[in-house]
Amino acid sequence: MAEMPEYVSIREVGPRDGLQNEAPIPTDAKVRLLDALSQTGVRRIEAVSFVHPRAIPQMADADEVWRRAQRVDGVRYSALVPNTRGAQRALAAGFTEIEVVVSASDTHNRRNVNRSTDESLDDIAELIDLLHGAGARAEVIVATSFGCPYEGDIDPVRVAAIVDRVVRDGADRVAFGDTTGMGTPRRVRDLLTAVRDRDADVPVLLHFHNTRGTALANLLTALELGVTEFDASVGGLGGCPYAPGASGNLATEEAVHMLHDMGIDTGIDLDALIEVAELAEHLTARTLPSGVLRAGPRTRLTPPRAG
């Protein structure tokens, strides 16, 4: 096995990517979840999305949620935006880390934002300039990087070409979204190889869904390939409204549970995180898919002692 990193950075995406795909919950509940996550030791949180309420009604109160949230020192908060108007709202709200999405699948991109992939890339180039001009960092998320519900397999070379374009246009980071959970260790390896053959130094983050039960295996493969930044969602909240059959994201507590048992630090308090997953179940009024949440305290693994 390849040498493992000492530390892995997890960005908690439950407040945005998770809740965006659940039945709408009250603003108070969203603020409560966001504030609770800020107290777990997680160092990065995707807080809200500034999208038109007709498109994603679950995010209609994004400005109020962010205004009422308690900011914790040492936690980096980010927002997702679909277009220039969303970016302007995020900047006005004070965000300095902003994400924008493009799909590797042209069909999925049209379903998601009503534009072709190439048209979105042209828009993103202008958005990057806007964000940099305001002193913010721009992350480009490439959705359907491992497969599409409409087009099937996605050629890693196509994804790598998208990375070429956004890096040339100034993206500070690139993330790869396994939107439908079609990712497998083989696909993770093929994608990262294709990207690094052309853009070896670009910082990358991986975002796995667990539709087919492969999220942790994909994370382990990425670790072996040197990736140390991942998205995860408390309780396994989430899915994708434009990807039929997509189930929840990789559960944050499942990822932390495995990483800590491997002796890899995340800075996150697992017990506190599990309490927040229980809160998320209560707030969404449904049983969440997290395996760690279902396990009892006696069966939760503890990290091996040094030496």
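Under a model in which nothing but the beta-carbon of Lys, Arg (+1) and Asp, Glu (-1) is charged, the stretch 1-89 shows a dipole of about 340 debye around its Cα centre.
Evaluated with a Cβ-only charge set (Lys, Arg +1; Asp, Glu -1), the stretch 134-212 carries a dipole of roughly 160 debye about its Cα centre, given to the nearest 20. Amide hydrogen proximity for residue 80: with H placed 1.01 Å from N in the peptide plane, the residues at 5 or more positions away or on another chain lying under 5 Å are 48, 49, 50, 99. Dipole magnitude for the chain: about 500 debye, using +1 per Lys or Arg Cβ and -1 per Asp or Glu Cβ, origin at the Cα centre. Each other residue within a Cβ distance under 13 Å of residue 286 adds +1 if Lys or Arg and -1 if Asp or Glu, for a net charge of -3. Calculated from the structure at hand, Rg/Rh (Cα atoms, Kirkwood Rh) is found among (1) 0.94; (2) 1.23; (3) 0.98 as (1). Other residues within the sphere of radius under 14 Å centred on the Cβ of residue 135, judged by their own Cβ, net out at -2 (K and R +1, D and E -1). Accessible area per residue for the chain is 42 Å², calculated with a 1.4 Å probe on protein heavy atoms, without ligands, DNA or RNA. Accessible area per residue was computed with a 1.4 Å probe on protein heavy atoms; residue 132 scores about 80 Å². Based on Cα atoms of the stretch 59-160, Rg over Rh with Rh as the Kirkwood radius reads 1.02.
The values are calculated or read from the model by the stated rules, or taken from the named source; none is laboratory data. Note that the structure is a prediction, hence the values are computed from the model and not measured. Backbone-built Cβ (ideal geometry, glycine too); neighbour counts: all protein chains shown. When the accessible area is computed, the model is the full protein with side chains, heavy atoms only, and any ligands, DNA or RNA have been set aside. Shrake-Rupley method; radii C 1.70, N 1.55, O 1.52, S 1.80 Å.
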